[in-house]
Amino acid sequence: MVTSRADLLQGTLDMLVMRALASEPLHGYAIGQRLKLVSGGRLSVPQGSLYPALHRLESQGLLKADWGSTASGREARFYRLTAKGRRRLETEVAGWREMTTAISLVLGQA
């Protein structure tokens with residue numbers, strides 16, 4: 001099952017975007033592709049959801065964007081995590097893991 005924007009909570013999308021940027025700066029299209037690839041094709045984030053999330057994270061100081069050239073030579077904004085963004089990502093991943101553990105325990109009680 002492929003998950004779309006309607007299935008992603010805003011906070012979850014933010015966490016996933018920050019995780020995609022944890023290892024290297026990427027432009028918007030590449031972020032969407034990375035999420036799709038890493039999820040085995042299960043997550044497809046529409047550009048109409050991705051770019052507002054990028055702008056929101058940038059305005060919160062969690063991402064920084066700089067202009068650069070893509071592999072095809074096109075100009076694009078490359079996003080990277082700030083130190084504040086790395087701290088937030090750690091906090092959100094820990095919270096997500098705690099929540100999924102709790103949900104798994106409840107679901108295992110059937």
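Figures for the structure shown
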read-out	value
Cut-off under 5 Å, modelled amide H: who pairs with residue 43 long-range	3
Kyte-Doolittle at least -1.0, axis length at least 20 Å by Cα - qualifying DSSP helices, the chain	83-107
Gap separating the Cα centres of segment 13-51 and segment 67-104, nearest whole Å	9 Å
Three-way shape label, segment 21-62, alpha-carbon gyration tensor, a/c 1.5	oblate
Lys, Arg +1 and Asp, Glu -1 on Cβ, resulting dipole of the chain about Cα centre, debye, nearest 20	120 debye
Whether the chain is rounded, prolate or oblate, judged on the alpha carbon gyration tensor where a/c under 1.5 counts as rounded	prolate
Calculated FRET value between residue 96 and residue 67, using beta carbons and R₀ = 35 Å, to 0.05	0.65
Peptide ranges 93-104, 12-23 listed from the most packed, as the mean C-beta count within 10 angstrom indicates	12-23, 93-104
The chain, accessible area per residue, ligands and nucleic acids excluded (1.4 Å, Å²)	65 Å²
Mean ellipticity per residue at 222 nm, deg cm²/dmol - from DSSP H runs of n ≥ 4 across the chain, formula -39500 (n - 2.57)	-18000 deg cm²/dmol
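The values are calculated or read from the model by the stated rules, or taken from the named source; none is laboratory data. A quick note: this is a predicted structure, and the numbers were derived from the prediction, not measured. Note that each Cβ is placed from the backbone with ideal geometry, even for glycine, and that neighbours are counted across all protein chains shown. Just so you know, the surface numbers come from the protein's heavy atoms only, side chains and all, with ligands and any DNA or RNA stripped out. Shrake-Rupley method; radii C 1.70, N 1.55, O 1.52, S 1.80 Å.
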